[in-house]
Amino acid sequence: VDRKKELEAIKNKKLEIPFDNYPLQHAIKINEGKGPYKVIYFADPYCGYCKKFDKEVISKLEDTTVYLFLYPILSEKSINASRDIYCSKNQAVAWIDFTINSVVPASKNCKSPIEDILAFGKKMKIRGTPTLIFADGKRVPGALSYDQFRELVQQTE
């Protein structure tokens, strides 16, 4: 088991890229407070682990800016929901309403970067949601508890 974790850590280290190399202009910025921390979050609107992460972690943040990349890899429904969220007047509210309150956004059409984000994610070998990228480039696939998240985000200040 330790060898498996070691190999996973080596693989994730190889996948680290500088935070500023991500197309942040395509992210939905969820700014919770004025704190020093920042994290990139790849999420599919229909990802159960993402919804759990949003309820248990994102909704409690007071000092972290989250750059959310809508990454609809689970189904066609995910692509449509991502477009509707992205095209909403307040994208961050639309995301939180959808994931935490199960409020489906009104169907909208606009020029969205969803295809660009999907291509970027594929190039970066992001294969699942949630995937978190911390300010130091550290990549963590899978949902974290609030305490795990706090520990990792505070290491990157």
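So what is the calculated 222 nm ellipticity per residue for the chain, using -39500 (n - 2.57) for each DSSP H run with n of 4 or more, over all residues, to the nearest 500 deg cm²/dmol?
-12000 deg cm²/dmol
ASN109 versus GLU56, label points 7 Å from Cα toward the beta carbon: distance in nm?
If labels sit at ASN109 and GLU56, their model points lie 4.0 nm apart.
Positive end of the charge dipole of the chain (Lys, Arg +1 and Asp, Glu -1 on Cβ, about the Cα centre): tell me which of PHE69, VAL153, ILE28 has its Cα farthest that way.
PHE69
Have a look at the DSSP beta bridges in segment 9-155 and tell me what percent are antiparallel, nearest 5.
Looking only at bridges with both residues in segment 9-155, the antiparallel portion is about 65 percent.
Sketch the reach of a paramagnetic label on GLN154 as a point 7 Å from Cα along Cα-to-Cβ, and name the residues of segment 124-143 whose backbone nitrogen lies under 18 Å away.
Under 18 Å, as judged by backbone N against the label point of GLN154, lie 134-136 of segment 124-143.
What does the accessible area of ASP20 come to, in Å² to the nearest 10, when a probe of 1.4 Å is used?
Probe radius 1.4 Å; accessible area of ASP20 about 120 Å².
Can you work out the accessible area per residue across the chain, with the rest of the protein chains kept in place, probe 1.4 Å, in square angstrom?
I get 55 Å² per residue for the chain.
Out of the total accessible area of the chain (probe 1.4 Å, heavy atoms of protein only), what percent is carbon and sulfur?
50
The values are calculated or read from the model by the stated rules, or taken from the named source; none is laboratory data. The structure displayed is predicted, hence computed values, not measured ones. Using ideal geometry, Cβ is built from the backbone for each residue, glycine included, and neighbour counts are taken over all protein chains shown. What goes into the accessible areas is simple: the full protein's heavy atoms, side chains included, and nothing from ligands, DNA or RNA. Shrake-Rupley method; radii C 1.70, N 1.55, O 1.52, S 1.80 Å.
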